[in-house]
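Worksheet for the structure shown next.
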């Protein structure tokens, strides 16, 4: 198996050069609002095409090309740059966009301060948007751009966004995050930013009032998210962007300060890499379980057996377009479950064996149908789940320990009884003649 | 039983009743019955030891205890029956059972008993 993998690996890597770097596919449908000019986003789309994606453009109101034909998804990813579209064609209405996720297609959606059907869809992803017409505003740092055009520092030490990106230009609508654990903020608002009516500071009084009520009803501060990722249980990814302009050529080329280019281009690259399942994509190649010191997989286990569970995990490597053994997960857990986890133990990587995670444990003193469960869910990473069922039985009738030292008095008792019986029989039979003679003699008298 | 018959010699001995009982038993019991009696005593002691071990130390594995203890008890019962049947004093009660027949019954019963004991011993 391992040998086969090493053999296939270079071959597949070669063939996949022509393919895109996404783990799920290279076809992208871009729903571009007619009000947005394709030329204004040439760098963003050019970067995607350079990576190997095949872009298909379509207006949100058009009906062709179809996204789903004969119940088969025609595209691997859908980019919805339609922040101001009010009416969508039947197959791309917000509700049908959700059904794309269940077909494991990935979505990149752009919002705007205007009220559109996408606004109501956002709330289904636990994103709480401010009222229509209230974009994000920040008066800091002092600069010559409008207050709605804000430089935002991308997060540091984030496993989706690369480190040391220059600040990115943002203008658009912030999102307050609900308690959904599938959300992962990719870009947070600056602490001084708030959502308010764009044109003037006429709403300032309301803001001050809200701030006095300890921020109730206030869209402000760094807990607001500007770009938010969402990963469904089936590992499809949807990313919500507060303003489509952050991908525009204008913002990419706009300098943050003199001589410093904005980080928009790199940020867009990281966001699309995550959304289109290039980065942070894991999979469980296989799981094995067997009795300790045995190689054949166990069919059933007896209570109190020592069992080894092994999982092989790979990470998608977009550089080669193929999967590569991944040993850097140090917080994975294995559960041995019958209704409740009877055993929950860490599943650490095995040193010297890339991609292999193994743990040995004692099967509980309880028979029944058990499951080996691996359930690894971390924000921003593909969810890893694996379940394999195995029966645990009590020992066979001849599987119990025998000749226990504690039982030696009983063994001695039984054997001595038999020995004494034989001795007794021997004495009895030996004494028989004499007795017989004696008896005869007595009778004769 | 022999003890009842020992009353006259006990008077002659003129010492403590237990001693005279012992003396009378020695004098009036045949060698065969003495062999049986010593076998019975051995079985009783063995059973007591196993029972104490079970109570005081461990009853695990319990099947081994049952086998060992039952072999003592069963053998005791069989041997006691043999003693009753071959005792000349009981000749009237077991008219149709000859001592040879009694011994054959005893031997067969014991062999069957031991067969079960070893099956159960584990």
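The values are calculated or read from the model by the stated rules, or taken from the named source; none is laboratory data. Fair warning: this is a prediction, and the values are worked out from it, not measured in the lab. Virtual Cβ from ideal backbone geometry, glycine too; neighbours counted across all protein chains shown.
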Based on this model, can you work out whether residue A:67 counts as touching a strand residue (DSSP E or B) at 6+ places or on another chain (Cβ under 7 Å) and over 22 Å from residue A:277 (Cβ atoms)? no
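Facing chain A (nearest Cβ under 10 Å) and crowded, with 19+ Cβ neighbours inside 10 Å, is that true of residue B:42?
The answer is yes for residue B:42.
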Scanning region B:58-74 for residues that are facing chain A (nearest Cβ under 7 Å) and over 20 Å from the mean Cα position of the chain (by Cα), which turns out modelled with the lowest pLDDT? B:60
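When you check residue B:122 against the structure, is it facing chain A (nearest Cβ under 9 Å), buried (at least 20 other Cβ atoms within 10 Å of the Cβ), farther than 26 Å from residue B:25 by Cα and out of contact with any strand residue (DSSP E or B) (no Cβ under 7 Å at 6 or more places or on another chain), yes or no?
Values: facing chain A (nearest Cβ under 9 Å): yes; buried (at least 20 other Cβ atoms within 10 Å of the Cβ): no; farther than 26 Å from residue B:25 by Cα: yes; out of contact with any strand residue (DSSP E or B) (no Cβ under 7 Å at 6 or more places or on another chain): yes.
No.
Listed here are the residues, each with its yes/no results for (1) under 27 Å from residue A:158 (Cα atoms); (2) surrounded by 14 or more Cβ atoms within 10 Å (Cβ to Cβ); (3) within 17 Å of the chain's Cα centre (by Cα).
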{"site": "A:381", "(1), (2), (3)": "yes, yes, yes"}
{"site": "A:392", "(1), (2), (3)": "no, yes, no"}
{"site": "A:398", "(1), (2), (3)": "no, no, no"}
{"site": "A:412", "(1), (2), (3)": "no, yes, no"}
Given the options A:137, A:128, name the one that is farther than 30 Å from residue A:277 by Cβ and more than 20 Å from the chain's Cα centre (by Cα). A:137
So which strands (runs of 3 or more DSSP E) stay within region A:53-143 end to end and still have 3 or more residues that are touching a residue at least 60 places away in the same chain (Cβ under 8 Å)? A:106-110
Considering (1) modelled with pLDDT under 95; (2) crowded, with 19+ Cβ neighbours inside 10 Å; (3) under 15 Å from residue A:386 (Cα atoms), say which one residue A:341 fails and leave the rest. (2)
Checklist (1) surrounded by 15 or more Cβ atoms within 10 Å (Cβ to Cβ); (2) more than 9 Å from chain A (Cβ to nearest Cβ); (3) over 22 Å from residue A:427 (Cα atoms) applied to residue B:93, failing item: (1)
